[in-house]
Structures are given as structure tokens and as C-alpha cells.
């Protein structure tokens, strides 16, 4: 995953190595396997129509209420640039071992090593590119250990010109401890 971010942003090799150590990589959107991820991408495309991104107020939580435990929303602030978790579903909280709603992405203690920095760079990349991205592989949570993950991240825009939110849908399952 992070090689693509690095090629676009000139990223920090040490942080990118941390992502590779966790086994996280980009997935093609058409290769998403989890029904949750496919459903959310399809819904996002339906709502946005011919625009680059839908508005946050166009997203109807009733349409995907059954997925709420697996969702997160990251607020994107541009001046100065920062990212804050605004919504964190119950399954996401369980996977991370902490509810980090209202916390800056860089202040999230749920990942080992410098993975919060990797997530910060990735979310920034999604916001700048203004298009959905899917990831998959393995990662290690402080409270849960190694998990298999598939996720899709969908940018939202208040004014149609820049991403103000990122809607994420993620499925994770524990891997055998070794």
C-alpha cells in the first residue's frame, strides 16, 4: 500500500517500512471480497453520481445501518492539516481495544510501532486524491494482536472541491497467535 503513497508524496521510508512490516497493501476496488466493503463502495458510487465525491449529508445511515459497527469517519481539516476520528463503530473499537472517537489520528494508541503515522499519511493521501481506496492484509493492534483486514476508504466533500471527511468500512478477524 505504502509504495503507492510514497510515489505520490515522496513519503518517509521508515514509516513506509512500518506499513510493509504489518503486511498492509492496496487492493483493486474490483477485487474487494468482503460484502461490507463492496456494499459501501457501491452505495458511495450511487450517491456521488457523476461527481468526484458525495457530500457527507447525502450519506443516509439508515441505508447501511447493519454495517454501522464496522464504520469509521475521519474528519479532514486543511488549515492546518489534521485528521480526527469522528465516528468509530463498535467492531472497530473492539478490534483496536480503544474508542478513539474525538482523537487526532496521530494520537491513537491502538496500533503498534508508528502505525498511527502510517494511517495519517494514508488518510491524507485518500483526501488529496479524492477517490476511494481499498486495502487488505494483516496488521497488529496493541490490544488484539495480529488481524486480517480488508477495508475501503471513501472521501466525502462539503463543497465538491476537496475532501472533508473519509468514510471507512473495515472487516477484521483475529489470526492464530504464533
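The values are calculated or read from the model by the stated rules, or taken from the named source; none is laboratory data. Quantities reported herein were computed from a predicted structural model and do not represent experimental measurements. Note that we place each Cβ from the backbone using ideal geometry, even for glycine, and neighbour counts take in every protein chain shown.
Residues of the range 39-52 that are buried (at least 18 other Cβ atoms within 10 Å of the Cβ) and under 16 Å from the mean Cα position of the chain (by Cα): 40, 41, 44. Restricting 122, 81, 64, 115 to those that are touching a residue at least 40 places away in the same chain (Cβ under 8 Å), touching a helix residue (DSSP H, G or I) at 6+ places or on another chain (Cβ under 8 Å) and surrounded by fewer than 21 Cβ atoms within 10 Å (Cβ to Cβ) reduces the list to 81. Among residues that are touching a residue at least 40 places away in the same chain (Cβ under 8 Å), over 30 Å from residue 161 (Cβ atoms) and not in a loop (DSSP other than H, G, I, E, B), residue 149 is included.
Screening residue 50 with (1) over 14 Å from residue 155 (Cβ atoms); (2) part of a loop (DSSP other than H, G, I, E, B); (3) touching a helix residue (DSSP H, G or I) at 6+ places or on another chain (Cβ under 7 Å) gives one miss only, at (3).
Could you pull out the residue among 12, 77 that is farther than 15 Å from residue 168 by Cβ and at pLDDT 95 or above?
On the way: 12 fails: at pLDDT 95 or above.
After ruling out the rest, the residue left standing is 77.
Residue 22 meets all of the listed conditions (1) touching a strand residue (DSSP E or B) at 6+ places or on another chain (Cβ under 6 Å); (2) at pLDDT 80 or above; (3) under 23 Å from residue 115 (Cα atoms) but one, namely (2).
Could we say that residue 24 is closer than 19 Å to residue 147 by Cβ and in contact with a helix residue (DSSP H, G or I) (Cβ under 9 Å, 6 or more places away or on another chain) here? Against the criterion (closer than 19 Å to residue 147 by Cβ and in contact with a helix residue (DSSP H, G or I) (Cβ under 9 Å, 6 or more places away or on another chain)), residue 24 qualifies. If we scan the range 88-104, do we find a residue that is assigned to a strand (DSSP E or B), within 12 Å of the chain's Cα centre (by Cα) and modelled with pLDDT of 90 or more? Scanning the range 88-104 turns up at least one residue that is assigned to a strand (DSSP E or B), within 12 Å of the chain's Cα centre (by Cα) and modelled with pLDDT of 90 or more. Residues in the range 131-146 that are out of contact with any strand residue (DSSP E or B) (no Cβ under 6 Å at 6 or more places or on another chain) and either at pLDDT below 90 or part of a strand (DSSP E or B) (or both) were compared, and the one that is surrounded by the fewest Cβ atoms within 10 Å (Cβ to Cβ) is 143.
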